[in-house]
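Working notes, beginning with the structure itself.
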Amino acid sequence: MAKIQVLDKSVSELIAAGEVIERPASIVKELLENAIDAKASAVTVEIKQGGIGFIRITDNGIGIAREDVPTAFLRHATSKVRTEDDLTNIATLGFRGEALASVCAVAKVELITKTAGQELGSRYLIQGGENGTLEEAGCPNGTTIIVRDLFYNVPARLKFLKKDFSEGNAVQGIVEKIALSHPEVSVKLIKENKTVLHTSGNRDLRSAIYSVFGKDFATGLLPVNYQHNGIRVSGFITKPACSRTNRSMQHFFVNDRYVKTRTGMAALEEGYKHSLMVGKFPACVLKLGIDYSLVDVNVHPAKIEIRFVQERPVFEAIYFAVKSALEQEDILKSQPKSQRPELLSTFYQKPARQTQFPGSPSVPLKSADPVKETSLPPGKLKVREYPATPAAPQMTVQEPVQEYDFQAPKRSVPVSPAPQPAPKQVFDEAAFSFLKRENFQKQERQEPETIIPEVAPPQPEPEQEMPVIRMIGEVFKTYILFETEDLFIMLDKHAAHERILYEKLKKQIHLKQSQLLLAPVSAALSTEETDALLSHRDLLRQMGFDISQRDGKLQVTEAPVVLSWYPLGEIMEDLAKNILLCKIDVTPQVFDDLLHSMACRAAIKANEDNTPEELQELAQQVYFDHKIRHCPHGRPVGITMTKYEIEKKFGRHN
């Protein structure tokens, strides 16, 4: 164990002024941090009268050597910092050496401690910061600190304390944050002789969250595990359906220290920007691992606020971590198990069916299979003619394909020994009587060829039926109604189509899929808007656009394939507006906003007439793709009700 000693004046002057003990929670925080720094694996906090009358903190850490005990109560006495350089690489929770000195100045303190190398421990009594007495005592390894009669000698501070109940809740809040930041430590809190919190200390963060916040909160979480620019982001965020009306449940920990960081809050909410409605906020327990030299904790007296050497990498790490976790979330699978149809648990493992309506080009309905990229000579891209429906553009290339990794969750498609007929797709003939079953043209999915031994050719497996998607109709020319075996779904067609276009834009931009226009499209823009777009030509090329200026007007000569049939002039106007609103460099988040703007402008609108085929196609795409659950503005694409829930509303179930 490092020896406790008083810091040199040159070092102590560089340390930010220590926090004045204002309430019991301040004491508990300082002493808990000391216990964690002492490598304790179990800590017990006991309070009475909200901590004003009695606080006892017991740990099984390394303890304090007898000769160091009196020194520990001197100001700026610590074993954690020695030189000025140590202040730039602080790896411990405490470092100022002021906790015990501040506590004993305003309360009656008793310390009992023992190291592993001592036969007997030490007992030290001090009150008011003066006349401490040291004696031997029998005790286990570790440290116990008892604080009695807080502010007994400072009545002016005593009268500013809140009621015992409120002070006790403040103490509990501190203990909860320590428990979350160190799931490897078993933390126990006893209030008024009643255990209110006890974590297992098994290193499982979800288990600690369950102990602190309960089952309802713990079951609505998505895991996060991401690394960006040397910064590790781990922990949990809430599903969009479990959002809250305030930010009180946003918890950030930097190098296992609870902090309040505006950068973290901004990045978290930016990641949810298009998954939550206005006025809703996500909750999280996120832990950031960052090089100690890149963060300054010697800023705030309470060590709650910190300063990053570079804010941008931290923002991006949290933002991309949140986006990555949200991309894997599916609201259709997030319903309680008792109310979710068993159908859904296996449905998403199967590829989507393809169905072609007579008189229209086929449009594949894709599940989240890996996207395919084609190997073509530069500039030679064959594009099939598109149908008139906005949601239908599809590229076809007559070349061998190779798999392209989008770093998105993939579902494997089982390879059967012999090609099997595609499962049937069932449509509702009653709702659309003019759609006859014999008019549907089925397409078989191309399976990889498999060498079959002649001696024992395998038998084809029985045909497995895909879940039935039965179209019901449309209400208010806005909402599509359909059902599965045990689930009723209502879709917002504009929100759904907007998200579909957004996902297609992202894929095409990643693959650089764009096409030359037969004739340039002019955009009527102001001089300022034109200059903004021309100054960001490289950005627009990344998005699939090629623009130029001719006769004082902006012209679009190339556009993303998915947008080639939409009003490009209006899209350019929206892009210019978004770029002008951005006062700094165009960040990945602003880039996303531009894609959202394009998708919103091009999507079908509410109160717009659409054919039943278009509505059917839209419903299928949403149901088969788990990414399409929120529009880019954060509104839900659809709402669901199980058969059980509907029957319960009609009194069929008690």
Relative contact order (percent, whole number), region 215-329, Cα cutoff 8 Å, 6+ residue spacing: 35 percent
Karplus 3J(HN,Hα) series, Hz, for region 218-233 with 6.51 cos²θ - 1.76 cosθ + 1.60 (x for Gly, Pro): 5, 7, x, 10, 10, x, 10, 8, 8, 10, 8, 6, x, 10, 9, 10
Whole-Hz ³J(HN,Hα) from phi, Karplus 6.51 cos²θ - 1.76 cosθ + 1.60, for region 534-541, glycine and proline x: 5, 6, 10, 4, 5, 5, 5, 5
Subset of Lys239/Lys504; Lys159/Lys194; Lys194/Lys239; Lys39/Lys191; Lys29/Lys162 violating a 22 Å alpha-carbon distance limit: Lys239/Lys504; Lys159/Lys194; Lys194/Lys239; Lys39/Lys191
Estimated FRET transfer efficiency when R0 is 41 angstrom, pair Phe488-Asn141 (beta carbons, to 0.05): 0.10
Residue order, fewest to most surrounding Cβ atoms within 10 angstrom, among Ser293, Ser211: Ser293, Ser211
Mean Cβ neighbour count within 10 Å, used as a protection proxy, ranking 612-619, 191-198 highest first: 612-619, 191-198
Sequence ranges 224-231, 57-64, ranked by mean other-Cβ count within 10 angstrom, highest first: 57-64, 224-231
Estimated Rh, region 512-602: Kirkwood, alpha-carbon pairs, angstrom: 13.0 Å
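Can you put Arg312, Arg601 in order of Cβ neighbours within 10 angstrom, beginning with the fewest?
Listing Arg312, Arg601 from fewest to most nearby Cβ atoms yields Arg312, Arg601.
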For region 215-329, size of Cβ-based charge dipole, Lys and Arg +1, Asp and Glu -1, in debye: 280 debye
Order by protection proxy (mean Cβ within 10 Å, highest first), peptides 271-279, 174-182, 102-110, 148-156: 174-182, 102-110, 271-279, 148-156
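Coordinate-derived values only; no laboratory data. Bear in mind that the values here come from a model prediction, so they are computed numbers and not experimental data. Positions of Cβ are backbone-derived with ideal geometry, glycine not excepted, and every protein chain shown enters the neighbour counts.
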